Structure formats: C-alpha cells, structure tokens
1. Can residue B:135 be described as away from every other protein chain (no Cβ under 14 Å), surrounded by fewer than 20 Cβ atoms within 10 Å (Cβ to Cβ), more than 27 Å from residue A:156 (Cα to Cα) and out of contact with any strand residue (DSSP E or B) (no Cβ under 6 Å at 6 or more places or on another chain)?
2. Have a look at B:62, B:30 and point out the one that is more than 14 Å from chain A (Cβ to nearest Cβ) and not in a helix (DSSP H, G or I).
3. Name every residue in region A:30-55 that is more than 10 Å from every other protein chain (Cβ to nearest Cβ) and either part of a helix (DSSP H, G or I) or under 25 Å from residue B:91 (Cβ atoms) (or both), in order of residue number.
4. If a residue has to be surrounded by fewer than 20 Cβ atoms within 10 Å (Cβ to Cβ) and in contact with a strand residue (DSSP E or B) (Cβ under 6 Å, 6 or more places away or on another chain) to count, how many in region A:130-144 make the cut?
5. State the number of residues belonging to region A:56-67 that are within 13 Å of another protein chain (Cβ to nearest Cβ), more than 13 Å from residue A:89 (Cβ to Cβ) and either in contact with a helix residue (DSSP H, G or I) (Cβ under 6 Å, 6 or more places away or on another chain) or at pLDDT 90 or above (or both).
6. Hey, can you tell me all the residues within region A:111-155 that are in a loop (DSSP other than H, G, I, E, B), within 29 Å of residue A:209 (Cα to Cα) and touching a helix residue (DSSP H, G or I) at 6+ places or on another chain (Cβ under 8 Å)?
7. Give A:162, A:116 a once-over and let me know the one that is more than 21 Å from residue A:76 (Cβ to Cβ) and without any contact (Cβ under 8 Å) to a residue 40 or more places away in the chain.
8. Give me the pairs, please: first residue somewhere in region B:8-25 and touching a residue at least 24 places away in the same chain (Cβ under 8 Å), second residue anywhere and outside any helix (DSSP H, G or I) and surrounded by fewer than 16 Cβ atoms within 10 Å (Cβ to Cβ), beta-carbon distance under 7 Å, and either six or more positions apart or on two chains.
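The values are calculated or read from the model by the stated rules, or taken from the named source; none is laboratory data. These figures come from a predicted structure and were not determined experimentally. With ideal geometry, Cβ positions are generated from the backbone for all residues, glycine too; neighbour counts draw on all protein chains shown.
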C-alpha cells in the first residue's frame, strides 16, 4: 500500500483520532468516580481546617460526619432555605457567585460543634487571585462577627509570594478579627501593608510581594461575607 | 532478520545502560532541562515525575514502533504528538484518581510531559526505526537516565533547602538550635540549574571522552 498518498494520510489521521478519543473517554469515565471522591474529601479537609481540626484523607470523612453537625443554606435576607447537609455540601460557589442578583444566591453555612469548643459557623469563600481562582473557608464564633479560624487555597499563585496565603503563618492571625465594626456595621476585613498584627481587628496583613493576591483576598472576603450580613446579624 | 536475538543481548543491554551514563539525556544531550528545574524542589514530585515520564516514554516508544511502518511520513510528528498527548492525559487522570496530593503538586508539569524534548527526541530518533522490544528498552533506559538525575538534584535541593528528605525531617533540631538555617536559595529554580551543572562537571571530569575537542 502506498503510505504516502493523500487519501491514506487523511484516512490514517481520521481513524487515529477517533481511536484515541475513544480510549481517552473510556479512561475518563472509569476514573471519574474516584476523582470526584478525592475532591470531596479535600473539601471536607478544608472545612475542618477552618476550625483548626487537622485531618488526613483517610479520616476526613469520619471527622466531618462527627463534627459538622448541621449544614444549611440561607439567602441574603437571612432566612434558612434548606437544612439538607448533602445539598449544602454540593453548592457550587462558582455558580452562586456568578448570579447577578444577590437575593438569588444560595449561601451555604456549615455548623461545627465539638465539646469544649462550642459551635462555630463555617462559610466558604471564592474569589480571584493574580493567576487564577483563590478560595477558602472562614469560621466564625457563634456571635457571628468574630473570626475563629480561616484557611485559604489557591490554584496557581506565585510560590513564595501570592501562594503564601495558603500557609498557616498567613492564616493563623485571622483568628480573633472582627468583620463587624463597633457600631455593628458590616466591614469585612481590609488589607494593610506593613503589619496589622496586634490590636487591629478589622484589618489583615498583606503578603509582601503578593499585592494582587492580597487584594483579591480582600475582595473575596468582602463579596462573599457581605451576602451573609443579615443572617449573621440575626444570629447575635 | 530470521535469527532470534536474545532478549538481553549486548546491544539491548547497551540501550538500557548508555542513557544512564555516557549518553544521558540531561547531562550529555541536555534535553528535558525545563522539567528538571520545575519538579526537583522536593523528592516526592521528582520521583513521581520520573515514573510518569518512564511510563509515557516506554509506552509511546512501543506504540510508535509497532505502527512505524504504517505512519505516513508527512504527518509523523502529528501522530507522535497525538499518542504522547493521549498517554499523558491518561497518566494525569490516573494520578488524579489514585495519588491526588501528588497530582496537585505536579499539576501542570504532568501536562508538560507532552513537550518534554526527551520523549519526542526518542520517538524520532529511535522508535521510528526500531522494533518494539529495543524501543521499549530504549524508553526505559532514557527515562531512568532522566529520572536518576532528577532524583539526585531533588535530594540535594530538599536536604539543603528544607532540611527534609521525602517529607521527613533529617536535620536534627540541635543543628537549628546552634544557628544552622535552611538555604532558601536551594528551593528556587536557578539552584537546580547549578546542581545540573555540577553533575555535568563531575561526569565530564571522570569521563574525558565526553569533553568536546574544540
């Protein structure tokens, strides 16, 4: 057979592409369930991390069921629309945040409870960093205004600069910050350069060299937490 | 070629052995440097990367070698790319399913195996003109040659840069108490280049035949 002819070349390319596509889709379908599970476990680990509970991929599910006693969806008016734990877990912030009308958004809250620590509310946040999405979970004391813990993740921020937001050195100082001011007005947290440590409860310290990421984080907290304002006020 | 060649004839053994030393893809051919810089800050990603490259290279070599007589020469690079890309996607999916933590660390670098010059180089230079078994050995050999360099670099970078090996602390706390500090420079990519340079230097001073005449 003449392997140099045009017909042969076209046929060869067409058959090869179809074959490869079939193999790839088969592999993707077979592995999908395991991958989804890995992502779910990671989300559970992140939720637990926001309340300073360390977990491994193996025990994350168990700890999650044990400590996350309730998961609810509220709307921006502060009314609870669902108490289904699985439904709350499945809420996709990407879809919710893209809804123009804040009143249409489903706002998930995970309620953590452990003896000796008490009840905390965990709120997921999602925003934009410099190179890609950044996300996180912020846990609040039951008064609804004091931050108990926070954890942030990033997809592709610059290592050593923006990506520092995923380190505990950056996350630990969030404990104790206030997202409402003394007059009870929602303020979120403002980014400051040059140190917000000690006695500045409404600000967080920006990452040196990671200004765009820090600003993105500031905007992420503002955008996501503000829609919870009414609910948090009513829970005081 | 009717006479049966033994599986591990002298010629075939050479295919495995040469890339480890005198024909090493990184230190002699200076291919695949990009990923050698990117994934060697820690041992674990370096090991996983080496294994992934080995799987992709060996399989791609065998597949290309099996169909080498049917490939229309005008689109041979496209055919090679499609096969390599498909294998890389499969490896990426498998990592995501079975080694999620590692796949997060390697993230884009697994995808970049597609553009790893070693793979295209071996397909063009070897698999297109040889039988499947030697092509398989050539793939394993070159990937191993690539892998051991990666692992040596990662060993020094992790040890000096983070004071750990494979995630375990190896430098005792007493050292830190006495004022020892991890060298943050080792984490940065340029130090990988310098480490490669040192390995090349050592290799050439021991094996004079590698030194160019000019």
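1. When the stated conditions are applied, residue B:135 does not pass them.
2. Every option except B:30 fails the conditions.
3. A:40, A:43, A:44, A:45, A:46, A:47, A:48, A:49, A:50
4. Adding up the residues that qualify gives 2.
5. Of the residues in region A:56-67, 1 are within 13 Å of another protein chain (Cβ to nearest Cβ), more than 13 Å from residue A:89 (Cβ to Cβ) and either in contact with a helix residue (DSSP H, G or I) (Cβ under 6 Å, 6 or more places away or on another chain) or at pLDDT 90 or above (or both).
6. Passing the criteria: A:129, A:130, A:131.
7. Result: A:116 is the single residue among A:162, A:116 that is more than 21 Å from residue A:76 (Cβ to Cβ) and without any contact (Cβ under 8 Å) to a residue 40 or more places away in the chain.
8. If the second residue must be outside any helix (DSSP H, G or I) and surrounded by fewer than 16 Cβ atoms within 10 Å (Cβ to Cβ), the pairs left are B:22/B:207.
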